[in-house]
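**Q** Mind looking over this structure? Questions follow.
The values are calculated or read from the model by the stated rules, or taken from the named source; none is laboratory data. Every value quoted in this text rests on a predicted model; they were computed, and no experiment measured them. Every residue, glycine as well, gets a Cβ built from its backbone with ideal geometry; the counts of neighbours run over all protein chains shown. These accessible areas exclude ligands, DNA and RNA; they are computed on the full protein's heavy atoms, side chains included. Shrake-Rupley method; radii C 1.70, N 1.55, O 1.52, S 1.80 Å.
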Amino acid sequence: MTPPPATMTVPLSRPSIGQAEIDAVMQALQSSQLSIGPWNERFEAAFAEAAGCRYAVSVNSGTSGLHLAVRALGIGPGDEVITSPFSFIASANCMLFEGAKPVFVDVEAESFSMDPAKIEAAITPRTKAILPVHVFGQMADMTAIMDIARRHGLAVIEDACEAPLATHRGQLSGSMGDLAVFAFYPNKQMTTGEGGMITTNNEYLYRLCKSMRNQGRGDSLQWLSHDRLGYNYRISELTAALGVVQTQRLPEFIEKRRRLVGLYEAALGGTPGLQLPQVRKENEHTWFVYAVRVSAALRDALLEALNQHGVQSKAYFYPCIHLQTFYREQFGFREGDFPVSEQLSHEIVILPFFSDMSDEQLYYVADTLKRLLRELQDQTTA
Ligand SMILES: *Cc1c(COP(=O)(O)O)cnc(C)c1O
């Protein structure tokens, strides 16, 4: 059977780029200084201020930032880092880059982030750090996580890639751990095309990350003097110029996203068989994606039907990190190891959601979702 023609196609995500971004990138392009220049300094200063941190180091991706954060803490072969498997793969791969072992604990079904009640059972004499992921724009329970980390003498790296400007008990994401990492891929709340940022309040870690980002050069920045093993994780001035404007606009993006969430809640609330995202009272959410949950039995059919009707939607995070083939092979993980994460990965549907989404697009998504879900429910009960 061929599907009926879609009356509208709504993309899953789209960046918001305006004239100010174009002007800034043009200025950087015409300045003839295309790397290591004033735009980068402005970008780092603006982002550090927005994130409520003393220091920020730009990097060419969130993944590069996570790698440097792990290295800066001296984590290496034989060490363990506690994290959660309901995430994008980079948050665990960063341990593998350094020969360290990611030790997973399951997540909480409400917030999708690391369950603090499960952390202490995972701590061993080899544990060096905890790496909580602020999933989809809502912070993990950082009060509990920081308390456990302090009691056990562990470092904390926040994967804040999906949660810029989110807060937990009034404290900004990226300002609580020893180091935090943000990412600016085009589907994130703000984008530089490719890019990322490390934030910290620790001057030593700041200097180390800055040096490792730039081939291990020392503070003197002497051209061929290298103090340590480093990488080229720098961004260009074009990227930094884009980042300056997007950082300025970040509060506007988040405000727009919160308004859209309100519209989704009004349109979708009370729909049988559909669970909307929950925000804990101690958290302010900054909405990377809009994630709803349906019965696992219907989920894949619903995704297919939504996409056929022009509503671009996706499963997230399926499969969970521990069930990716090379994790299974290297560590022997199996289905059932982290049941909450696995259940979420079978139930979640990411709906179209981006700062410049129109009300018309949102209502088309909501109406189509309700209709298709009802049709699938009728089919399974018939
Ligand atoms: C986006 C993201 C990253 C980093 O992604 P890059 O594509 O390397 O910038 C890391 N962790 C999480 C949870 C992410 O969502």
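**Q** If I ask for residues that are crowded, with 19+ Cβ neighbours inside 10 Å and under 20 Å from the mean Cα position of the chain (by Cα), which ones from region 12-45 would you list? Spell out how you get there, then give the answer.
**A** At the first step, the residues of region 12-45 found to be crowded, with 19+ Cβ neighbours inside 10 Å are 13, 15, 21, 24-25, 28, 39-40, 43-44.
Once the filter is applied, which keeps residues that are crowded, with 19+ Cβ neighbours inside 10 Å and under 20 Å from the mean Cα position of the chain (by Cα), region 12-45 yields Ser13, Pro15, Phe43, Glu44.
**Q** Identify, please: which residue in region 57-78 is open to solvent by less than 20 Å² (accessible area, probe 1.4 Å) and part of a loop (DSSP other than H, G, I, E, B) and is, among those, farthest from the ligand (Cβ to nearest atom)? I'd like the intermediate steps shown before the answer.
**A** In the first step, residues of region 57-78 are kept if they are open to solvent by less than 20 Å² (accessible area, probe 1.4 Å); the result is 57-59, 62, 64-70, 72, 75-76.
With the extra rule that they be part of a loop (DSSP other than H, G, I, E, B), the set shrinks to 75-76.
On the way: Ile75: 17, Gly76: 21 Å.
Checked region 57-78; the qualifying residue farthest from the ligand (Cβ to nearest atom) is Gly76.
**Q** Do we find a residue being buried (at least 21 other Cβ atoms within 10 Å of the Cβ), among the hydrophobic types (A, V, I, L, M, F, W, C), in a loop (DSSP other than H, G, I, E, B) and in contact with a His (Cβ under 6 Å, 6 or more places away or on another chain) anywhere in region 182-200? Outline the logic, then answer.
**A** Taking region 182-200 and keeping what is buried (at least 21 other Cβ atoms within 10 Å of the Cβ), we get 182-184, 188-192, 195-200.
Retained after the next criterion (residues that are among the hydrophobic types (A, V, I, L, M, F, W, C)): 182-184, 190, 197-198.
Adding the requirement that they be in a loop (DSSP other than H, G, I, E, B) leaves 184, 190.
The next check asks that each one be in contact with a His (Cβ under 6 Å, 6 or more places away or on another chain); those that pass are none.
So far as region 182-200 goes, no, none of its residues is buried (at least 21 other Cβ atoms within 10 Å of the Cβ), among the hydrophobic types (A, V, I, L, M, F, W, C), in a loop (DSSP other than H, G, I, E, B) and in contact with a His (Cβ under 6 Å, 6 or more places away or on another chain).
**Q** I've got another one for you. Exactly one condition in (1) more than 30 Å from Val25 (Cβ to Cβ); (2) more than 16 Å from the ligand (Cβ to nearest atom); (3) not β-branched (Val, Ile, Thr) is false for Lys256; which is it?
**A** Going through (1) more than 30 Å from Val25 (Cβ to Cβ); (2) more than 16 Å from the ligand (Cβ to nearest atom); (3) not β-branched (Val, Ile, Thr) one by one, Lys256 breaks only (1).
**Q** Pick out, from region 84-162, the strands (runs of 3 or more DSSP E) lying fully within it that include 1 or more residues that are touching a residue at least 40 places away in the same chain (Cβ under 8 Å) and of a type in the set (Val, Ile, Thr).
**A** Details: elements: 101-104, 127-130, 155-159.
In region 84-162, 127-130, 155-159 are the strands (runs of 3 or more DSSP E) which contain 1 or more residues that are touching a residue at least 40 places away in the same chain (Cβ under 8 Å) and of a type in the set (Val, Ile, Thr).
**Q** Just give me the residues in region 297-329 being in contact with a helix residue (DSSP H, G or I) (Cβ under 8 Å, 6 or more places away or on another chain) and assigned to a helix (DSSP H, G or I), in sequence order.
**A** Those that are in contact with a helix residue (DSSP H, G or I) (Cβ under 8 Å, 6 or more places away or on another chain) and assigned to a helix (DSSP H, G or I): Ala297, Leu298, Arg299, Ala301, Leu302, Ala305, Leu306, Ile321, His322, Leu323, Tyr327, Arg328.
**Q** I've got another one for you. So which of Gln33, Gln27 is away from the ligand (no atom under 16 Å from the Cβ), part of a helix (DSSP H, G or I), more than 27 Å from Glu203 (Cα to Cα) and of a type in the set (S, T, N, Q)? Can you show your working first?
**A** Details: Gln33 fails: part of a helix (DSSP H, G or I).
Being away from the ligand (no atom under 16 Å from the Cβ), part of a helix (DSSP H, G or I), more than 27 Å from Glu203 (Cα to Cα) and of a type in the set (S, T, N, Q) holds for just one of Gln33, Gln27, which is Gln27.
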